[in-house]
Amino acid sequence: MLTVNAYAATSATGPLVPTTIERRDVGPHDVLIEIKYAGICHSDIHTVRGDWGPQSYPLVPGHEIAGIVTEVGSSVTRHAVGDRVGVGCMVNSCGECTNCCKGEEQYCLKGNTGTYGAVDRDGTTTQGGYSTHVVVTEDFVVTIPEGIELDVAAPLLCAGITTYSPLHHWGAGPGKKVAVVGLGGLGHMAVKIAHAMGADVTVLSQSLKKQEDGLRLGADHYYATNEPETFEQLAGTFDLIVNTVSATIDISAYLQLLALDGALVNVGAPAEPLPVNVFSLILGRRSFAGSAIGGIGETQEMLNFCAEHGLGAEIEVIPAEKINDAYERVLAADVRYRFVIDAATLR
């Protein structure tokens with residue numbers, strides 16, 4: 001076992017604190033990664049605070065991991081010592097079900113193994129990226145292409161793939177009108193990626209305070225949803241709406257913004273149910289869907305796409321001692337647009 005430094009939540013209400021955790025020995029198909037950067041995702045906060053259900057503590061969050069391979073198992077073929085790599089929201093799956101065989105491991109019928117807070121293959125609880133090292137089976141480690149710095153690449157392992165996957169699946173591209181609800185950690189990547197795909201991109205945000213940023217990131221249009229005329233003006237406009245916010249919104253009102261056969265895809269995960277007026281779907285042959293992260297193959301495709309188009313997250317790098325402050329700032333929407341922990345400060 002390898003003892004490494006980390007930051008962990010010890011309860012749903014207390015602050016994260018420095019600690020040490022044990023990583024398993026490197027097995028034949030494992031990769032040991034020295035973590036350089038780890039993004040802070042809103043999901044980390046929801047999870048450690050029990051918003052999505054009770055957790056086992058202590059719990060080390062973090063599923064936006066970028067680092068360098070320092071050791072590989074005897075049977076590893078995909079990665080070598082010195083490689084620049086990343087780990088996202090899952091570290092294993094059954095590998096045998098219909099979805100896994102299609103390369104959609106995120107929808108494993110037996111449930112994928114989350115990077116933290118899940119039951120690992122040895123029966124222990126997985127611990128995430130707010131740490132100095134992690135051991136992951138090679139099939140769940142992706143290559144970070146040259147041309148993307150590791151710090152701006154880390155959030156791509158969640159925020160990037162969470163938005164790329166629905167944009168790719170629902171065909172965002174030239175001739176398509178795409179709206180992004182919310183300009184935060186997920187939303188800013190959705191804007192960048194949709195723009196790079198060639199779509200006409202609109203940001204729908206509560207106010208216009210981030211309008212300058214939205215247009216700089218690639219949006220063609222920017223509207224405030226706290227202005228009632230916005231919903232009247234944009235009715236029947238969009239082929240695809242990607243909702244990135246993790247708060248309760250009036251889904252039925254947003255469905256009215258879809259064109260015929262349009263789809264509203266939820267990637268944000270609020271703790272409360274989202275009621276839908278079914279007539280908002282029927283009257284326009286509209287769809288309301290959900291999307292998680294992508295599979296490992298699609299995650300690699302996303303990273304290659306971002307490298308090709310020069311895309312990375314907008315970040316603020318922080319030392320580990322600022323993690324709790326960062327959590328409060330995320331909850332206050334006081335970040336543009338992703339906090340990234342410098343893992344060197346954990347050592």
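For Glu314, what charge total do you get from the other residues with a beta carbon under 10 Å from its beta carbon, if Lys and Arg give +1 and Asp and Glu give -1? Walk me through the intermediate numbers first.
On the way: positive: Lys192, Arg216, Arg336, Arg338; negative: Asp213, Glu316.
Neighbourhood net charge equals +2.
With +1 on the Cβ of every Lys and Arg and -1 on the Cβ of every Asp and Glu, and nothing else charged, how large is the dipole of the chain about its Cα centre, in debye rounded to the nearest 20? Working shown, then result.
Numbers: 22 positive and 40 negative charges, 62 e Å.
It works out to roughly 300 debye.
Taking Lys102 as the anchor, which lysines have their alpha carbon closer than 26 Å to its alpha carbon, excluding any fewer than eight residues away along the same chain?
Result set, ordered by chain and number: Lys110.
Taking the Cα atoms of region 100-229, what is the range of coordinates along each of the three principal axes, in descending order and whole Å?
55, 35, 32 Å, listed from the longest principal axis down.
Can you tell me the 0 to 90 degree angle between the C-alpha axis of helix 185-197 and the longest principal axis of the chain, rounded to 10?
Its long axis makes an angle of about 70 degrees.
Cα centroids of region 310-345 and region 1-79: how far apart, whole angstrom?
17
With the cut-off at 1.5 for a/c, could you classify region 160-290 from its C-alpha gyration tensor as rounded, prolate or oblate?
Details: a/c = 1.31, a/b = 1.22, b/c = 1.07.
It is rounded, given that a/c, with a ≥ b ≥ c, falls under 1.5.
Using only alpha carbon pairs under 8 Å that are at least six residues apart, calculate the relative contact order of region 160-290 and give it in whole percent.
On the way: 282 pairs, mean separation 28.2, N = 131.
22 percent.
Below 8 Å, C-alpha to C-alpha, sequence gap of six or more: please give me the relative contact order for the chain in percent. Display every interim value, and only then the final one.
On the way: 837 pairs, mean separation 62.4, N = 347.
Rounded, it is 18 percent for the chain.
When only alpha-carbon atoms are used, what values of Rg and Dmax, in angstrom, describe region 1-149?
In order Rg, Dmax, the Cα atoms of region 1-149 give 14.9, 43 Å.
Under a cut-off of 17 Å between alpha-carbon atoms, report the lysines in cross-link reach of Lys36, not counting same-chain residues fewer than 8 places apart.
Hits, sequence-local ones excluded: Lys322.
Based on Cβ point charges of +1 for Lys and Arg and -1 for Asp and Glu, what charge dipole magnitude is obtained for region 160-290 about its Cα centre, in debye rounded to the nearest 20? Walk me through the intermediate numbers first.
Values: 8 positive and 11 negative charges, 62 e Å.
Value, rounded to 20: 300 debye.
Just to check, using Stokes-Einstein with a Kirkwood Rh over alpha carbon pairs, what's the diffusion coefficient of the chain at 10 °C and 1.306 mPa s in µm²/s?
Details: Rh = 20.4 Å.
It comes out at roughly 78 µm²/s.
Values in this text are rule-based calculations from the coordinates and carry no lab data. Because the structure is predicted, anything quoted here is derived from the model rather than measured. All Cβ positions, even for glycine, are placed from backbone atoms using ideal geometry, and neighbour counts span all protein chains on display.
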